[in-house]
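Colleague: Handing you this structure, nothing more for now.
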């Protein structure tokens, strides 16, 4: 069976919303209504926005950075060695290619472009 298209999913959400089972989304109001009370959006349900707790300054930044570093999955020694070897081999291959291209193009540049 083929996957559901975006239009089919959207139509299903709209149908569910009309039946009362959907989430009410904010709608853009008309310019007159927005100008009358200064707001630009209306919603049937006013979502409760949680205020983020922030630790300001350098200490807050360091605390959050340390927390993010704890989440990182660090590579093992074997993975680091393998990655290093792959990079060295790739650099050697590119270096050999550029050296060969330089040797092939050198006579053209020397005799035709520079006229020596």
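Colleague: Check whether at least one residue in segment 42-60 is assigned to a helix (DSSP H, G or I) and modelled with pLDDT under 85, and report yes or no.
Modeller: No.
Colleague: Kindly evaluate residue 33 against the criterion of being in a helix (DSSP H, G or I) and at pLDDT 60 or above.
Modeller: no
Colleague: Ok, one more. Quick one: residue 75 ticks every box in (1) at pLDDT 85 or above; (2) outside any helix (DSSP H, G or I); (3) exposed (fewer than 10 other Cβ atoms within 10 Å of the Cβ) except a single one, so which number is it?
Modeller: Unmet for residue 75, out of (1) at pLDDT 85 or above; (2) outside any helix (DSSP H, G or I); (3) exposed (fewer than 10 other Cβ atoms within 10 Å of the Cβ): (3).
Colleague: Here's a follow-up. What pairs can you find where one residue is in segment 97-112 and surrounded by 10 or more Cβ atoms within 10 Å (Cβ to Cβ), the other is at pLDDT below 95, and their Cβ atoms are less than 6 Å apart, with a gap of 6+ or different chains?
Modeller: That search, which allows pairs on different chains as well, returns 110/116.
Colleague: Still on this model: In the set 10, 25, which member is surrounded by 10 or more Cβ atoms within 10 Å (Cβ to Cβ) and at pLDDT below 60?
Modeller: 25
The values are calculated or read from the model by the stated rules, or taken from the named source; none is laboratory data. None of these values were measured; they are calculated from a predicted model. Cβ atoms come from the backbone with ideal geometry, glycine included; neighbour counts cover every protein chain shown.
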